[in-house]
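> This is the structure I want to talk about, given as structure tokens.
The values are calculated or read from the model by the stated rules, or taken from the named source; none is laboratory data. Just so it is clear, the structure is predicted and the values come from calculations on it, not from any experiment. Cβ coordinates were reconstructed from backbone atoms using ideal geometry, including for glycine residues, and neighbour counts include every protein chain displayed.
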Amino acid sequence: MTTSSKLRATRSAGILLHPTSLPGPYGIGDLGAPAYAWVDMLVRAKQTWWQVLPLGPTGYGDSPYQLFSAFAGNPYLVSPQGLVQDGLLKPGDFGGG
């Protein structure tokens, strides 16, 4: 048996979609309920990967490739509705009445 016949590549599939491309009430998507619905749809479609662009705090032109930090997360991706659900904000705190 050759080495190449011992190694079997497992095929997988996925989709590239930045969370800001998801629907959202404030102009861009975030990691709230629409992101969870997206992952549920990927599972139903038997996709195994969700590839995203960098998720750090954006710099010039809000480009995901012009990051201020390689370690920090982008505050734009925090879900205001999720903060309300967790009791950390009230709807009136951010205009989400």
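> Against the condition modelled with pLDDT under 85 and under 30 Å from THR10 (Cβ atoms), how does PRO64 come out, does it pass?
Spelling it out, PRO64 is indeed modelled with pLDDT under 85 and under 30 Å from THR10 (Cβ atoms).
> Among the residues of the stretch 66-90, write down those that are surrounded by fewer than 12 Cβ atoms within 10 Å (Cβ to Cβ) and part of a helix (DSSP H, G or I).
The answer is PRO75, and nothing else.
> In addition: May I ask you to verify whether GLN47 is on the phi < 0 side of the Ramachandran plot and either assigned to a loop (DSSP other than H, G, I, E, B) or acidic (Asp, Glu) (or both)?
Criteria met by GLN47.
> Here is a follow-up. Restricting the search to the stretch 21-33, which residues are within 12 Å of VAL78 (Cα to Cα) and either in a helix (DSSP H, G or I) or small (Gly, Ala, Ser) (or both)?
Residues satisfying the conditions are GLY24, GLY29, GLY32, ALA33.
> Looking at the stretch 50-65, which of its residues are surrounded by 11 or more Cβ atoms within 10 Å (Cβ to Cβ) and either assigned to a strand (DSSP E or B) or among the aliphatic types (A, V, I, L, M) (or both)?
Listed by number, the residues that qualify are TRP50, VAL52, LEU53, LEU55, THR58.
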